[in-house]
Each structure stands twice: as C-alpha cells, then as structure tokens.
Amino acid sequence: MFSSRTNWPLTPNRLSELLRERRGAGLPTVDLTESNPTRCGFALDVEEILAPLYNPGSLVYEPDPRGLRVAREAVAHYYSERGVHLDPDQIFLTSGTSEAYSFVFRLLANPGDKILAPQPSYPLFDFLGALNDVEVLPYSLIYDDGWQVDLEALASRWESGVRAVLVVHPNNPTGSYIKRRELGRMIEICHHNRAAIIADEVFADYGFGTDAERWVTHAQNSEVLTFTLSGLSKISALPQMKVGWIVVTGPSVLRNEAQARLEVIADTYLSVSAPVALATPQWLARRRSIQAQILERVQANLRRFDELLTPGLPVTRLKVEGGWYAVLRVPSTRSDEDWAADLLTQEGVSVHPGHFYDFPSEGFLVLSLLPAPEIFQDALGKVISRICTQS
Ligand SMILES: Cc1ncc(COP(=O)(O)O)c(C=O)c1O
C-alpha cells in the first residue's frame, strides 16, 4: 500500500517514551534540547512582527516562481552587507531550508544518486535524502582541539553517482565553520568530480568572535556550482513564518542552466505566499535586535559551562565557534542514550544523546544554548554533578 521510502519505524524512541511517562506522572522536566526560539523567552515586538503581514498588495495574485521580487531584493541586500553582490534572479524563495534541500536534491540527483554530508550533523538529512530517493553518505568531521573536515577521507570516499557535497556552515551541533583552506580543497575535489556544493548557512550569523580563516559565505563561491541555503527561521528567529531561500552561484553556464531548471521546480509548487513574501524585507531587517539577544544568551550560557566545568572533571565541553548548541564529552562507561535516560529520570533534565547527530562513537551529549540562563545554569549544574558522581 505504501512506498518503501516511508517505511520508518513509527514507534516513539526510548527518550520520547520516558518524557511522555514523566508528563503523565506530572513530573517537571527542564528541556535542555529546546532550540525553538519562539519558546525561549526572548523579548519580541509583536507590532513589528505582525504589522508587515497587513499589506493590501497581498490581495493581488501575481505569482513569481522564484518568489516575489521585493523579497529576493531584500535577501540580495542581506548578502551585499557581506560583500557579495547578487542578482535577485540568483535567489529562489522556499517555504524553509528543508524545502530548499528537496528542490536542490531534485535538481541534481537521479534516484539512487548520492550526496555527501558531514558526520556528525543535523539529523534531518537522512529523511530528506530518503524522501528524494537520494542516498546520503557521511564524510567525517574530526575533533582535535577544534573541528575540521577530514578532507582526505572526503576525497577517498568519492564514488560514482556522488552529485554534491553538503556543508553546514556552521555545523549543527558541532558549531564549526568551514575554513578557507578546507573550502579550497573541497572546491578542487568537487571540480574534479563535476559535483556541486550545497551549503546550509542557517546559523551563519551566530559566530562567536572573528576568525580570518572562517569562510564568510558560500554565496561567494564562483568556481563550482553552489547552492547556499538559509532562511528566516534562524536568521530572524521566525521559524513559524516559513521563509527560506536558495542562492545559486558558480560558473555562469552551469549557473544559468541550474537557475532555469530550478525555476520549473519552484513554479510547480509556488510555495511562498504573497503576505509572507511581502513581509520578508521587514522580518529580515529586524534580525539585528533578535540576533543580539540570542548571541548574548548563547554566550552567557557558554560562560556557565566554563564556570561549572572546573579542570579535572570527567566531563568537558568541546570547542564551539558559533551556533546554538554545545557538545559535552562524557565518559563512555555507558552509552550516550543511557546517560540521557539517566539524566531525564534522575534529574528531570532532557538532553540529546550524540547518536541523534550521528557522532561516530559513544560519549557525547548535545545541549541547546537557547534556554533562559537561570533555567540553564541550574539544570547544567545537575547534569554535571550527576555525571561526576556516576562516573
Ligand atoms: C542545520 C539546519 N538546517 C536547516 C534547519 C531547518 O531550517 P528551516 O526551518 O528553514 O527548514 C535547521 C533547523 O534546526 C538546522 O539545524
């Protein structure tokens, strides 16, 4: 009756089951996996967010496959502030980055073709791959006092049918950016194999400090066909508005061909509504105030780690360059899922086990840095002392 691509195990996993039981028993839980910015107590200007939706222009239906031009011009302006000058025709609006991935996978890959994606990384890639009949193969990120791409493994892992290399810049949850040197080699590999780069930059504006080695944006890649994906869910902390985009860059012949084909894909769905597209310039402009609040929050929560994680403890925090997450290294005396289950049942604190993000071994927990500092500090204290006493 149903397609094999939807043969997912539909039963809740162990941690969801434990959470459900706690709720049923009326026990409180502190959620250190919360990364929905609309639930983390940031100050919002309701008028500023909702007023742009009241636009008489929305009463006219004049669809544009790439999304209304006024929104694409605003996105082009966002990149021009990073020194990248784009024609709005290089930009395609989507109903979020996830849809953008599907469009690009559909554009590049035949059923059974492959996309290389970083490991560890964002768990949605396997679903997006499966839904688009694309196989997602991992390439490793290695931690050695900071994360780096295992470039030689990337080159040697190459097999026929690989259509693109996906980079998450900065990666979720490692918080690592692609460095200039890494990109140079990646471009060589893609060029040699006639593959594209797909760059997810949803967290790009949340970098800590500056690093001259950090690549500013993949929207400036010109040597290989590149699709840079981003959107308002993280940039303006408005996931509920469902606005994302694809920027197409690269050698002009390939770029023009890609744009013409993408236009047909986008025209088939016309997914971004007029009110939302017309409001996008104002939502994009408001990013500065919310980004300042979020950056202050995540950096304050990182400082809490460093106050609590005194040297010599069996738990440490991995270095992070940006984004909304922190990775804890914990003893692998038990599985990361057992640690997460123990913290939930004994301390009432929910964290993600590393295997949710395909960490290659046990011993990693992932925490969101978005929760309010008072909640975060108390729950983090419980996490650390439990791990110390149980190790
Ligand atoms: C790396 C990464 N890309 C994309 C998304 C989803 O973005 P959107 O809401 O635009 O689909 C997320 C959401 O957490 C993410 O972590």
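The values are calculated or read from the model by the stated rules, or taken from the named source; none is laboratory data. Values in this document were obtained by computation on a predicted structure and should not be read as measured data. Don't worry about glycine lacking a Cβ; one is built from the backbone with ideal geometry, like all the others, and counts go over all protein chains shown. Keep in mind that these areas ignore ligands, DNA and RNA; they rest on the heavy atoms of the full protein, side chains included. Shrake-Rupley method; radii C 1.70, N 1.55, O 1.52, S 1.80 Å.
Put a dot 7 Å past the Cα of GLU159, heading toward its Cβ, do the same for THR345, and the two dots end up 3.9 nm apart.
Sequence gap of 8 or more, or different chains, plus Cα separation below 23 Å: how many lysine pairs satisfy both in the chain?
5
Annotation for the stretch 1-106: GluC sites (Glu not before Pro) lying in DSSP loop with at most 15 further Cβ atoms inside 10 Å of their Cβ are GLU81. Each 10 Å bin from 0 upward holds the following percent of the Cα-Cα pairs of the chain: 5, 22, 31, 26, 14, 2, 0.
If packing is taken as the average number of other Cβ atoms within 10 Å across a peptide's residues, how do 318-326, 211-219, 358-366 rank, most packed first? All intermediate terms of the calculation are to be shown ahead of the outcome.
Details: 318-326: 21.7, 211-219: 17.3, 358-366: 19.0.
Order by mean packing, descending: 318-326, 358-366, 211-219.
Return the single residue from HIS355, HIS169, HIS85 with maximal mean-square fluctuation; model: Gaussian network over the chain, springs between Cα atoms under 10 Å. Evaluated over the chain, the most mobile residue of the options is HIS85.
Restricting attention to the chain, close to 55% of DSSP beta bridges with both partner residues there are antiparallel. Between VAL168 and ASP200, the built amide H atoms are under 5 Å apart, and every one of these is 5 or more places off in sequence or on another chain.
Remark: relative contact order (the stretch 245-391) = 22 percent; criterion is Cα-Cα distance under 8 angstrom and separation of 6 or more residues. Counting only protein heavy atoms and a 1.4 Å probe, the chain has 45 square angstrom of accessible area per residue.
Charges were assigned to the Cβ only: +1 to each Lys and Arg, -1 to each Asp and Glu. The resulting dipole of the stretch 102-195 about its Cα centre is roughly 340 debye.
Per-residue ellipticity at 222 nm computed for the chain from its helices equals -11500 deg cm²/dmol, with DSSP H segments shorter than 4 residues left out and the rest contributing -39,500 (n - 2.57).
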